[in-house]
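The values are calculated or read from the model by the stated rules, or taken from the named source; none is laboratory data. None of these values were measured; they are calculated from a predicted model. No Cβ is skipped: glycine too gets one built from the backbone with ideal geometry, and neighbour counts run over all protein chains shown.
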Amino acid sequence: MARQGSVRPRRLGRGAAPLRGLARHGAVAASGAAAAGAEPGPRLDERRDGRRPVSDTVVVVVSYDTRVLTLAAVASARAATAGLDARVIVADNGSADGTVAAVRAAYPDVTVLENPDNPGYGAAINRAAATERSAYLCAMNADVVLEPASLPTLRRFLAANRSCAAVGPALAYPDGTPQPSAKRFPTLGLALGEVLGIHSLAPRNRWRARFYYADRDLTRAAEVDTISGSVMMLSTDAFEAVRGFDERFRMYFEETDLCRRLRDRGRSVALCPAAVAVHRHGASTQQTSVRQVEYYLSYVRYLRKHHGRAAAAVLRMAVVVAALARMAGLVVKYPPLDGRRVALLRAKEAACARLLRSLGPSGAMRAP
């Protein structure tokens, strides 16, 4: 059961549709290094609620047992905000590996917000954003390293394109290989293809390719459905207008849901490839059975919220069938030849059983 973001795309095609109302590409995203000449953001007295932002930009790094990654992410965020009126906040979701102490020791100027209840990625961003007023909000995972010019470039993009509520950079793997940075909104058909393993058998099928914008030229700034939640720059006013992330999405699809709600309110979402970030995909959420449970629960929840109960019920049934088949196949894949295999088999079977319990017999999802 693979995640959507696990494929590496081929070179994107040509023929992108431009972002509506996009300023000339050369003026908006030519060189992120010259932050001093950036077009100003919203005036402080133009804020919707009349309150003055404390900082122009707030960067929130969400961490959970990722001490080494978090330190690297914070270092890159501080470098990317050099010369900007910005603050960096680490929202830690109950790490037990010394992340909090390490960040405080290395970066005394960085605010650390501790969430011992581990509320999830979206909730951590919401809590951190509520502690400080700002014109712009950058949300990022601990497994992201920002290029120094990335944040000034994204900030300048939003300032020049006021109808745009969220913008993301081009993502790359640590070896420099391009990583999927934008996607179309998922549909029931796409979800079924993934859950039932069709996309694994034919990973280059046209539906999956279109989902990742393989039919568009994303080497230039363009409007897209949704950007990666690994790092995204948001207009704080737009973020607050939709009440931030939906905290029912604990780990996956929170950014897809957010972009959907922003677009439903008439705001646009864009990819700005002049800004670049390295994403160590999956490093902060190891590909375990527990993560896959969260992934499919969020997938069902997303379809129920945006496509209705019928679509969610169909996907739920497909997930149940796939989970039962997986449980049956685990015995063959992991025969109990030794203690390690027995432990692995039991862990994976427990995850499948947990997924079935969480989905519930009536389709009403319970908290995992």
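A few points about this structure:
- Of the residues R48, R43, R24, the single one that is modelled with pLDDT under 90, in contact with an Asp or Glu (Cβ under 6 Å, 6 or more places away or on another chain) and within 29 Å of A222 (Cβ to Cβ) is R48.
- Count of residues meeting criterion [aromatic (F, W, Y) and out of contact with any Ser or Thr (no Cβ under 9 Å at 6 or more places or on another chain)] in region 132-160: 1
- Scanning region 290-311 for residues that are of a type in the set (S, T, N, Q) and within 19 Å of C259 (Cβ to Cβ) turns up just one, S298.
- The sole residue among F249, F185, F239 that is of a type in the set (F, W, Y), assigned to a loop (DSSP other than H, G, I, E, B) and either surrounded by fewer than 18 Cβ atoms within 10 Å (Cβ to Cβ) or modelled with pLDDT of 95 or more (or both) is F185.
- The numbered conditions (1) more than 27 Å from C164 (Cβ to Cβ); (2) part of a helix (DSSP H, G or I) are all true for L113 except (2).
- Residue satisfying condition, being surrounded by fewer than 19 Cβ atoms within 10 Å (Cβ to Cβ) and assigned by TED's automatic domain parsing to the domain that holds Y252, within set R87, R104: R104
- Some residue of region 159-172 being in a helix (DSSP H, G or I), of a type in the set (G, A, S) and at pLDDT below 90: no
- Here A221 clears all of (1) small (G, A, S); (2) under 20 Å from the mean Cα position of the chain (by Cα); (3) surrounded by fewer than 18 Cβ atoms within 10 Å (Cβ to Cβ); (4) more than 30 Å from M317 (Cβ to Cβ) except the condition numbered (3).
- Cβ-Cβ under 8 Å pairs, at least 6 apart or on other chains, region 219-231 side acidic (D, E), far side modelled with pLDDT under 95: E223/A17; E223/P18; E223/L19; E223/R20; E223/L22
- Residue list for region 135-169, restricted to those being small (G, A, S) and surrounded by fewer than 23 Cβ atoms within 10 Å (Cβ to Cβ): A149, A159, A160, S163
- Odd one out for G193 among (1) touching a residue at least 24 places away in the same chain (Cβ under 8 Å); (2) in contact with a His (Cβ under 7 Å, 6 or more places away or on another chain): (1)
- Condition met for T111 (touching a strand residue (DSSP E or B) at 6+ places or on another chain (Cβ under 7 Å), farther than 18 Å from F239 by Cα, free of Cβ contacts under 8 Å to residues at least 60 places away in the same chain and hydroxyl-bearing (S, T, Y)): yes
- Residue match in region 213-221 (condition: modelled with pLDDT under 95 and aliphatic (A, V, I, L, M)): yes
- Criterion violated by A191 - all others in (1) assigned by TED's automatic domain parsing to the domain that holds T81; (2) buried (at least 18 other Cβ atoms within 10 Å of the Cβ); (3) among the hydrophobic types (A, V, I, L, M, F, W, C) satisfied: (1)
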